[in-house]
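Chemist: Before anything else, here's the structure in question.
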Amino acid sequence: MSSPNSAYPDTPEQAMKPKRHEWPLWEVFIRGQHGMSHRHVGSLHAPDADMAVKNARDVYTRRNEGVSIWVVEARHIAASSPSEKGPLYEPSESKVYRHPTFFDIPEEVGAM
Amino acid sequence: MYAQMIKSEATQEDPEKLAAFQARIDAGEKIEPKDWMPQGYRKTLIRQIGQHAHSEIVGQLPEGNWITRAPTLERKAILLAKVQDEAGHGLYLYCAAETLGVTRDELTEMLLDGRMKYSSIFNYPTLTWADMGAVGWLVDGAAIMNQVPLQRTSFGPYSRAMIRICKEESFHQRQGYDIMMKMANGTPAQKKMAQDALNRFWYPSLMMFGPSDKESVHSEQSMAWKIKMNTNDELRQKFVDQTVPQAEYLGLTVPDENLKWNEETGHYDFSQPDWSEFFDVLKGNGPCNRERLAARNKAWDDGKWVRDGLLAHAEKKAARRVAAE
């Protein structure tokens, strides 16, 4: 296995460099104290997953920011591209009835 | 600032694309790494964010100098935490630069062989414990002036890194001021030490903002792209206005006989630093340039076997996993 390109999931292909033998890049996700989902907080380099978790703990939870850490190697993330913005997101723009505020409920019915 | 004298790259691209790009920035949209961007925007940002990251890393050296000699265990723990934060700040910024298509090791190599710069301020020595106070109060104070507006910069990853950094930066400035208060209210010898630290760090702190850029073309382009939010002079004035009353509270004297409140402008008038000294430090002739780069090169060279060993171990483990499947 050679070390992968340290390209972010979002790095455009034309900006990618030939492979170098560097520690791979990991994306870090942290769950905070209040039962929320894991949230992307940043990235770091580490030789393997164990070290990535240890480094994430040192870099991203120095001030009690979290109770759980996920790391995933950046090259394993599949991402949508900006050119798909139209086909992907425009269809929902016209569907205003998907929002609760679309419906007028009389005041006397009470909270709903 | 942590990024000084950043030249913006000229851009020769499809005018239509350029106009659409500028319109997005003017509308306050964030530019993300996969979006189309002018080559000049990309290159200028790599240079600017990279220099900022290098400054955080090299900036650990003047303070690291005092970790083993902090006057109490508490001060030592605080300083250690602060220096650790700087490493984190460097890392957030390197990650932001990497999204633009440069690798971490490339950035490091460019710092080590002098192709990329770090802030002039870290080429000054930290001679006494009071310097730990002056660095936190003045150097981090000056950095905050620049970093707070940069939270609104147009490049998404840079903006997000700045938001993280700003959250931690106020701890840095306050711990520095706390040291200054202790020293200024201490024995006459301690107060003298605090005054001496202010005397030595005042002008180098003013230099951090870079020379006046009122008529700079580079600055104009960077401001249009929202990767520079204020002129150097604006930020420097803001820093002086904020810092002078803080020095007065400490009972210390800012080493500038021309410093006085200007009723008309509502700002302090002050003397410019010696810009020939600034350019000389940038050229590599500051008091500590050679020492700083030598320390970073030594750390990189000495750490090579660790980097290689961990990578070899990870690859061996991965190969075994594949074989077992």
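Values in this text are rule-based calculations from the coordinates and carry no lab data. Just so it is clear, the model here is predicted, and its values are computed rather than measured. Cβ atoms come from the backbone with ideal geometry, glycine included; neighbour counts cover every protein chain shown.
Chemist: To the nearest 20 debye, what is the magnitude of the charge dipole of the protein assembly as shown about its Cα centre, counting +1 on the Cβ of each Lys and Arg and -1 on the Cβ of each Asp and Glu? Working shown, then result.
Modeler: Working: 54 positive and 60 negative charges, 306 e Å.
Here the protein assembly as shown has a charge dipole of around 1480 debye.
Chemist: Same structure again: Pick out which of B:Q12, B:Q151, B:Q51 has the largest mean-square fluctuation in a Gaussian network model of chain B, springs linking Cα atoms closer than 10 Å.
Modeler: B:Q12
Chemist: Between B:V281, B:V306, B:V58, find the one with the highest GNM mean-square fluctuation for chain B; connect C-alpha pairs within less than 10 Å.
Modeler: B:V306
Chemist: Mind checking the mean number of beta-carbon atoms from other chains within 10 Å of the Cβ atoms in B:99-107?
Modeler: If you average over the peptide's residues, the count of other-chain Cβ atoms is 6.
Chemist: Around B:R290, with a cut-off of 13 angstrom between Cβ atoms, what is the net charge of the other residues, counting Lys and Arg +1 and Asp and Glu -1? Walk me through the numbers before you get to the answer.
Modeler: Details: positive: B:K283, B:R292, B:R296, B:K298; negative: B:E291.
After counting each charged neighbour, the total is +3.
Chemist: Say we join alpha carbon atoms closer than 10 Å with springs in a Gaussian network model of chain B; which of B:F270, B:F122, B:F239 then has the biggest fluctuation?
Modeler: Among B:F270, B:F122, B:F239, the largest GNM mean-square fluctuation belongs to B:F270.
Chemist: Quick one: grab Rg to one decimal and Dmax as a whole number for the protein assembly as shown, Cα atoms only, in Å.
Modeler: Rg then Dmax for the protein assembly as shown, in Å: 24.2, 79.
Chemist: Taking only DSSP H segments of four or more residues, each worth -39500 (n - 2.57), what value at 222 nm results for chain B once the sum is divided by all its residues, to the nearest 500 deg cm²/dmol?
Modeler: Taking each H run of at least 4 residues, the total per residue is -20500 deg cm²/dmol.
Chemist: Further question on the same structure: How would you rank B:W305, B:W137, A:W70, B:W129, going from fewest to most other Cβ atoms within 10 Å of each one's own Cβ?
Modeler: Ranked by crowding around the Cβ, least crowded first: B:W305, A:W70, B:W129, B:W137.
Chemist: Continuing with the same structure: If you scale each eigenvalue of the Cα gyration tensor by 5 and take the root, what three semi-axes come out for the stretch B:9-52, rounded to whole angstrom and sorted largest first?
Modeler: Ellipsoid half-lengths, sorted descending, are 18, 14, 8 Å.
Chemist: Moving on. If I take every Cα pair under 8 Å that is 6 or more residues apart in chain B, average their sequence separation and divide by the length, what percent do I get for the relative contact order?
Modeler: The value is 20 percent.
Chemist: Among B:M116, A:M112, B:M37, rank each residue by its count of other Cβ atoms within 10 Å, from fewest to most, as a rough exposure measure. It would help to have the intermediate numbers written out before the result.
Modeler: Values: B:M116 18, A:M112 7, B:M37 25.
Ascending number of Cβ neighbours within 10 Å: A:M112, B:M116, B:M37.
Chemist: Now, a different point. Using only the alpha-carbon atoms, what does the stretch B:5-116 span along each of its principal axes? Please give whole angstrom values in decreasing order.
Modeler: 61, 32, 23
Chemist: Within a Cβ distance under 13 Å of B:S120, other residues only, what is the Lys/Arg minus Asp/Glu net charge?
Modeler: On the way: positive: B:K117, B:K283, B:R292; negative: B:D274, B:E277, B:D280.
Result for the neighbourhood of B:S120: 0.
Chemist: Another question about this same structure. In the neighborhood of B:P62, defined by Cβ-to-Cβ distances under 15 Å, what is the net charge if each Lys or Arg adds +1 and each Asp or Glu adds -1?
Modeler: Values: positive: B:R69, B:K82, B:R200, B:R290, B:R292, B:R296; negative: B:E56, B:E63, B:D85, B:E86, B:D131, B:D140, B:E291.
Around B:P62, the charge tally is -1.
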